[in-house]
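Data first, discussion second: the structure below is written as structure tokens.
The values are calculated or read from the model by the stated rules, or taken from the named source; none is laboratory data. Source: prediction; values computed, not measured. Positions of Cβ are generated from backbone atoms using ideal geometry, with glycine treated the same way; all protein chains shown enter the neighbour counts.
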Amino acid sequence: MDPTQPLAGRDAKAADCGSLAARRTIARILKVNHAGEHGAIRIYRSQIAIARWRYPDIVQELEEMLGHEVGHRARFAEAMPSRHAKACRMLILWGIGGRLLGTGTALMGRNAIWACTAAVEEAVHRHLNDQLAFLWRRDQELYALIASIKSEELSHLDHAEARLTSRGPIVHILRRSIDVITEVLIFLSTSGDSLRMARDLRTK
Ligand SMILES: [Fe+2]
Ligand SMILES: [Fe+2]
């Protein structure tokens, strides 16, 4: 088959279905990323509110990361309309989850704050890597956007790992719990889209 010639009949229909499925996956990627950034913003804002009176020395670091997350959410929001991606129906759940996680960890201490950041950023990293693998031949613009955001998320992860002063069983349990909560939130907020997307990413 000559790849430069237009497809006809059944081949054309198959190609259309393929690109439709790809577009749906791209819309899911944006929806879940936008919701995730919204949750991250709520986490950092809640932690900052408590850190102001309990650990003022780390407020500036948290504010810097918050600034990145605000930028990420805006950049994903900007990329959504042209790809027919809608905001998550359960965005409020991300806000509540983020607030609970941010407040709870900040009250537990600074180590819990960094354990929270490390766990969330690790989960983010897994998803972004999958997404980049899917996007690199399908949507160069979104690929570049996610790649640049990923480098900032990686700096958050590195920063949190460097600031963790304990890696004992409590921190391990906390990180695992936050990882599970993050995955459940992704699943719930996308009504299962995250699992379908992961399956799509594996099969394409
Ligand atoms: Fe982010
Ligand atoms: Fe981040």
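May I ask you to list pairs of residues, at least six apart or on different chains, whose Cβ atoms are under 7 Å apart, with the first in the range 171-187 being aromatic (Phe, Trp, Tyr) and the second being surrounded by 18 or more Cβ atoms within 10 Å (Cβ to Cβ)?
Taking only residues 6 or more apart or on different chains, the pairs are 187/194.
Yes or no: residue 142 more than 13 Å from residue 37 (Cα to Cα), more than 16 Å from ligand 1 (Cβ to nearest atom) and assigned to a helix (DSSP H, G or I)?
no
Can residue 101 be described as within 15 Å of ligand 1 (Cβ to nearest atom), in contact with a Cys (Cβ under 9 Å, 6 or more places away or on another chain) and among the hydrophobic types (A, V, I, L, M, F, W, C)?
In short, yes.
Under 21 Å from residue 73 (Cβ atoms) and surrounded by fewer than 20 Cβ atoms within 10 Å (Cβ to Cβ), is that true of residue 135?
no
Would it be correct to say that residue 88 is assigned to a loop (DSSP other than H, G, I, E, B) and buried (at least 20 other Cβ atoms within 10 Å of the Cβ)?
It is true that residue 88 is assigned to a loop (DSSP other than H, G, I, E, B) and buried (at least 20 other Cβ atoms within 10 Å of the Cβ).
Just the residues that are within 16 Å of ligand 1 (Cβ to nearest atom) and touching a His at 6+ places or on another chain (Cβ under 9 Å), please, taken from the range 104-127.
117, 118, 120, 121, 124
Among the numbered conditions (1) of a type in the set (D, E, K, R); (2) more than 16 Å from ligand 2 (Cβ to nearest atom); (3) within 20 Å of residue 153 (Cα to Cα), tell me where residue 73 comes up short.
Result: residue 73 passes all but (2).
Under 28 Å from residue 172 (Cβ atoms), touching a helix residue (DSSP H, G or I) at 6+ places or on another chain (Cβ under 8 Å) and not basic (Lys, Arg): does that describe residue 64?
Considered against the rule, which asks whether it is under 28 Å from residue 172 (Cβ atoms), touching a helix residue (DSSP H, G or I) at 6+ places or on another chain (Cβ under 8 Å) and not basic (Lys, Arg), residue 64 comes out as no.
Give the residue that is farthest from ligand 1 (Cβ to nearest atom), with candidates limited to residues of the range 23-80 that are of a type in the set (Phe, Trp, Tyr) and in contact (Cβ under 8 Å) with a residue 40 or more places away in the chain.
Checked the range 23-80; the qualifying residue farthest from ligand 1 (Cβ to nearest atom) is 55.
From the list 148, 155, which residue is surrounded by fewer than 21 Cβ atoms within 10 Å (Cβ to Cβ), within 22 Å of residue 60 (Cα to Cα), within 16 Å of ligand 2 (Cβ to nearest atom) and modelled with pLDDT of 95 or more?
155
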